[in-house]
Every structure is written in C-alpha cells, then in structure tokens.
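Here is the structure we will look at.
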C-alpha cells in the first residue's frame, strides 16, 4: 500500500510540476494552452483534433474537432490598441487571432472578456456584441453574440482577424431601423441584435 501511495504521490508531483510550466506553446495536435500573463501573446499548434488557446483573462478561441484540415499554429494576442468600431463603446480589450484570415470548415468559438465598469449607463452584459474586422481596418461587422457569464461573451466565427467587445451606439441608440444592422439582425431598443 505504501508503494502505491508513493507512486501516486510522485505522479501528482510530476503533474503539478508540468502544470506550473511557463511554456504556452505546446506543439500538439490538440489540447489547451493558457497564457501565463505575458503581454506578448501565445501560440499553439492545433490540428484536426481541435483545441483551445486562451489568455489569462479567459479571452481566446476554441477550435472544434474537424475544423482544420492540417496542423496550424494558432496565435492569440491583445494589442495595445486597435481601431475602434464606429458608434460604439469598447468594453474590453481587442483580441487578435491568427494567422490572419485563417478559415475553418466548422466555425470556431471566440470568447472575449469585458469590464462591466465600462458598460454605458443602463446597459448590461446582454448588450455586449463582438465586432470583427481585418487587422488594421475599422470596417467592423457584428457577430451573433452570447453571454457566457458576467464578464465574458462568445461568438462563432469562420475566420480569424481582430475581435472587440463593444456596446453598439454607446450610451444612446445606435440603430433606428433594421436597415442599419447586419443581415439577420434586428434593431431592438437602438441596438442591432440577432433574433
């Protein structure tokens, strides 16, 4: 019994040592990489089995199994700034997912952290929308966004670029009719929303 306990203890210590590693760039076909707080971002090789790459604040991407036909080095970074979407209040840090323009056969799920203190008066997590644009562009498009919890939202995407959590229209109405929203969205209380 003592031998079994000793072996289990050694395995536990080995597991803890492996978990505390600062390396966030495993070269595996699938798995999870989490940022240790570095501002340089992180990268991970993900293949057909899928995987997750996320920053310390929970912002990142989950790529489902079968979404990639080959192994691709996925990058996640939070630039100091990105062009802000027009007529909106940015409520969290932008996230750049790469390689820029990478596409998927099955949509990937992007999760972004936002700061509730930055929400305009009278707005809640339900008003946060993930916007996406090519890196360096301010030609943003909204994604159908889901509230994950009180500080995170998620959306599906078929490609990589820059993603920003915003409240459309800032503190007041952003849209006055569905004509101002993306296809499949409606103008509800001054905000473009899906369904």
| remark: Of 80, 108, 133, the only residue that is out of contact with any helix residue (DSSP H, G or I) (no Cβ under 6 Å at 6 or more places or on another chain), more than 15 Å from residue 51 (Cα to Cα) and in contact (Cβ under 8 Å) with a residue 24 or more places away in the chain is 133
| query | Exactly one of (1) closer than 20 Å to residue 161 by Cβ; (2) modelled with pLDDT under 95; (3) buried (at least 18 other Cβ atoms within 10 Å of the Cβ) is unmet by residue 46. Its number? | reply | (2)
| In the range 83-104, what count of residues is obtained for those that are in contact with a strand residue (DSSP E or B) (Cβ under 9 Å, 6 or more places away or on another chain) and either assigned to a strand (DSSP E or B) or over 12 Å from residue 165 (Cα atoms) (or both)? | 15
| Restricting attention to the range 109-150, and to residues there that are part of a loop (DSSP other than H, G, I, E, B) and over 20 Å from residue 84 (Cβ atoms), which single residue is nearest to the chain's Cα centre (by Cα)? | 144
| remark: Picked from the range 157-176 (must be in a loop (DSSP other than H, G, I, E, B) and modelled with pLDDT of 70 or more), the residue nearest to residue 106 (Cα to Cα) is 160
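The values are calculated or read from the model by the stated rules, or taken from the named source; none is laboratory data. None of the values given here were measured: they were computed from a predicted structure. For neighbour counting, all protein chains shown are included, and Cβ atoms are generated from backbone atoms with ideal geometry for every residue, glycine included.
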